[in-house]
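The next block holds one structure in the form of structure tokens; read it before the comments.
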């Protein structure tokens, strides 16, 4: 019997399908929060299939993406405990039905499988987002008095810290990391994602972006031109498989960066950053 499970992530419908007698799908608790009853005729279907094959994984890394035809790409993931291929995703930028193969080289009668294991879940979402004016960014985000604010930066720069300060003051945190940005009908929105623990689906329009770092005092500098790109683009998650991918995602994030004020923000990790940012927003 064929089974189906539908999810809505960043206002995009994704349906997983599989044969119940072959595989036992183990969706994560955080992914289940995004589940819905799909009533849309426009959706992506990930068809999960079992292959009782043993294929040696020939790559020095644990996973690899290759272009296999003019329109199709292959993502391969190695088994954790062996040198054999475990998962292969065949996807296209022009087709909404993708094939996800689980290589059951042990030939188990029933397979337990989480289709959002790292980094497979990110790869699935990322390539759907690319086709729909979206991308992932390393950043936390809040809705502060009706203003959608993004805090981005390198690991250790304080993204989680600053969102926790606002959260403790009663501000809604949209997401803590791997934030989704997507343009819908000419407006950019930010969404949380199932890549980390979440309590509910959240989204907000965007009003400003802050490239943050720890500092001995609170300070801000509004960026322009090439400096906005230097501060934001390195934090955008992208796999440059070929020129088509690069072109599509760069068009999207260039449009995004040009639309909103971008600030370099040095901050002291205490509650005084709240009125400091409030003053910045009030002067926009």
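The values are calculated or read from the model by the stated rules, or taken from the named source; none is laboratory data. None of the values given here were measured: they were computed from a predicted structure. No Cβ is skipped: glycine too gets one built from the backbone with ideal geometry, and neighbour counts run over all protein chains shown.
Restricting attention to segment 152-172, the residues that are within 21 Å of residue 122 (Cβ to Cβ), touching a helix residue (DSSP H, G or I) at 6+ places or on another chain (Cβ under 8 Å) and surrounded by fewer than 17 Cβ atoms within 10 Å (Cβ to Cβ) total 1. Comparison of 156, 148 shows that the only residue that is modelled with pLDDT of 95 or more and in contact with a strand residue (DSSP E or B) (Cβ under 9 Å, 6 or more places away or on another chain) is 148.
Is it the case that residue 91 is buried (at least 19 other Cβ atoms within 10 Å of the Cβ) and either within 30 Å of residue 150 (Cα to Cα) or assigned by TED's automatic domain parsing to the domain that holds residue 234 (or both)? So residue 91 fails the test. Residues in segment 78-98 that are modelled with pLDDT of 95 or more, more than 20 Å from residue 17 (Cα to Cα) and under 25 Å from the mean Cα position of the chain (by Cα): 78, 79, 85. Residue 232 passes every criterion in (1) touching a strand residue (DSSP E or B) at 6+ places or on another chain (Cβ under 6 Å); (2) closer than 16 Å to residue 134 by Cα; (3) buried (at least 16 other Cβ atoms within 10 Å of the Cβ) apart from (1). Exactly one residue out of 82, 74 is closer than 21 Å to residue 242 by Cβ and without any contact (Cβ under 8 Å) to a residue 24 or more places away in the chain, and it is 74.
Scanning segment 157-167 for residues that are more than 25 Å from residue 259 (Cα to Cα) and in contact (Cβ under 8 Å) with a residue 40 or more places away in the chain yields a count of 2. Among the residues of segment 100-118, those identified as touching a residue at least 24 places away in the same chain (Cβ under 8 Å) and either buried (at least 16 other Cβ atoms within 10 Å of the Cβ) or farther than 22 Å from residue 31 by Cα (or both) are 100, 101, 102, 103, 104, 105, 107, 110, 111, 113, 115, 116. Which condition breaks for residue 101 when tested against (1) under 19 Å from the mean Cα position of the chain (by Cα); (2) closer than 29 Å to residue 247 by Cβ; (3) modelled with pLDDT of 95 or more; (4) outside any helix (DSSP H, G or I)? Here residue 101 clears every test but (1). Residue 107 satisfies every condition listed in (1) within 17 Å of the chain's Cα centre (by Cα); (2) on the phi > 0 side of the Ramachandran plot except (1).
Yes/no matrix, rows are residues, columns are (1) within 19 Å of residue 110 (Cβ to Cβ); (2) surrounded by 13 or more Cβ atoms within 10 Å (Cβ to Cβ):
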position	(1), (2)
56	no, no
65	no, yes
69	no, no
72	no, yes
78	no, yes
81	yes, no
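The number of residues in segment 188-206 being in contact with a helix residue (DSSP H, G or I) (Cβ under 9 Å, 6 or more places away or on another chain) and not in a loop (DSSP other than H, G, I, E, B) comes to 1.
The single condition from (1) assigned to a loop (DSSP other than H, G, I, E, B); (2) touching a helix residue (DSSP H, G or I) at 6+ places or on another chain (Cβ under 9 Å) that residue 141 fails is (1).
Here's the yes/no breakdown for (1) at pLDDT below 95; (2) surrounded by fewer than 12 Cβ atoms within 10 Å (Cβ to Cβ); (3) farther than 15 Å from residue 102 by Cα:
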position: 1; (1), (2), (3): yes, yes, yes
position: 10; (1), (2), (3): no, no, yes
position: 16; (1), (2), (3): no, no, no
position: 22; (1), (2), (3): yes, no, no
position: 37; (1), (2), (3): yes, yes, yes
position: 41; (1), (2), (3): yes, yes, yes
position: 46; (1), (2), (3): no, no, no
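Considering 241, 246, the condition of being in the same structural domain as residue 140 (by TED's automatic domain parsing), outside any helix (DSSP H, G or I) and under 30 Å from residue 119 (Cβ atoms) is satisfied by 241 alone.
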